[in-house]
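Let me begin by presenting the structure, written as structure tokens, before commenting on it.
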Amino acid sequence: MTIPGLFVTGTDTGVGKTVVTAALCHILNRLGWSYGVMKPIETGWDGTTGDWPPDAGRLVEISGYTGDPEDVLPIFFEQPAAPLMAARWTGQTVDVDRLDRAWERQRRRHDFVLVEGAGGLAVPITEDLDMAGLARRWGLPLVVVARAALGTINHTVLTVAYARAKGIPVAGIVVNQFVPDPADPTRPDNAGMIEELTQVPVWAVLPHFRDPDAPAVGEALAASPGFRRWLTGLLQESRKG
Ligand SMILES: Nc1ncnc2c1ncn2[C@@H]1O[C@H](COP(=O)(O)OP(=O)(O)OP(=O)(O)O)[C@@H](O)[C@H]1O
Ligand SMILES: C[C@H](N)[C@H](N)CCCCCC(=O)O
Ligand SMILES: [Mg+2]
């Protein structure tokens, strides 16, 4: 495989990274790929409720992963905060070697790994590493999930500029939760403006789903021309070896 996977980031927390990562799992399931999933650091879970926290649990459920939880979710914190903050509050530091070891095990097992970040790209993990640094460290191109509504141009352009400043390729942008609103005339044109300003393909403009389950969102993503173009390119590259 020409790329080892995708790092799904967003312009903010709560923009739809997990929904889009689960949709990508659905598409890879349909293609019959063997792939890995990771949520390297999840915050806001204390480890006592259920087997998995919400994000890692969702990805495990859709991908059908049954192995060691450590390889999907090496690190979690109770406080719903940036990892560096959550770690400091409990007198800890994030063990980056532990993240790397989980990543290496995933890479040994799979040609392709889907990784969901926490929050946006500049969210700190340690004093020296943020989400962008993690994607770069693991050689993963980004998918940027962005809101559909007013304010998204600025957030998305800044996210792409930050990625470029750090030398990380951005494979595509997903504009999420489009709901027409007569009070917000920007919505129908935001994706085009984002593409023009960033020169990154918008893979899809996804609607707001009553139930954003992986098959529904995955089929919508799979049917979107921007995503199909990227996938066709990836499949051609993977056939070349
Ligand atoms: N297209 C959509 N249609 C309907 N609901 C959506 C859609 N996308 C996301 N949501 C909902 O919005 C909320 C936030 O989405 P999600 O959990 O995927 O965000 P996130 O970026 O992964 O957040 P976090 O930063 O906590 O990881 C969830 O309740 C999710 O179900
Ligand atoms: C708790 C939340 N759902 C995410 N896991 C963490 C988001 C950190 C965002 C930090 C910030 O950008 O201010
Ligand atoms: Mg999430």
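One table, with the values for the structure above:
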quantity	calculated
Bridge type composition, the chain - antiparallel percent by DSSP, nearest 5	5 percent
Qualifying lysines (Cα of each under 16 Å from Cα of LYS39; at least 8 residues distant if same chain)	LYS17
Around ASP130: net Lys/Arg minus Asp/Glu count, Cβ-Cβ under 13 Å	+1
Percent carbon-and-sulfur accessible area, the chain, ignoring ligands, DNA and RNA, probe 1.4 Å	51 percent
Cβ-placed point charges (K, R +1; D, E -1), dipole of the chain about Cα centre in debye, nearest 20	800 debye
MET85 - accessible surface, heavy atoms, 1.4 Å probe, Å² rounded to 10	100 Å²
Contact order normalised by residue count of the chain, Cα under 8 Å, 6+ apart, percent	26 percent
Order of exposure, largest accessible area first, which applies to THR159, THR49 with probe 1.4 Å	THR49, THR159
Stokes-Einstein D in µm²/s, Kirkwood radius over Cα pairs - region 84-241 at 20 °C with 1.002 mPa s viscosity	123 µm²/s
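The values are calculated or read from the model by the stated rules, or taken from the named source; none is laboratory data. As the structure is a prediction and not an experimental result, all values here were calculated from the model. All Cβ positions, glycine included, derive from the backbone under ideal geometry; neighbour counts span all protein chains shown. When the accessible area is computed, the model is the full protein with side chains, heavy atoms only, and any ligands, DNA or RNA have been set aside. Shrake-Rupley method; radii C 1.70, N 1.55, O 1.52, S 1.80 Å.
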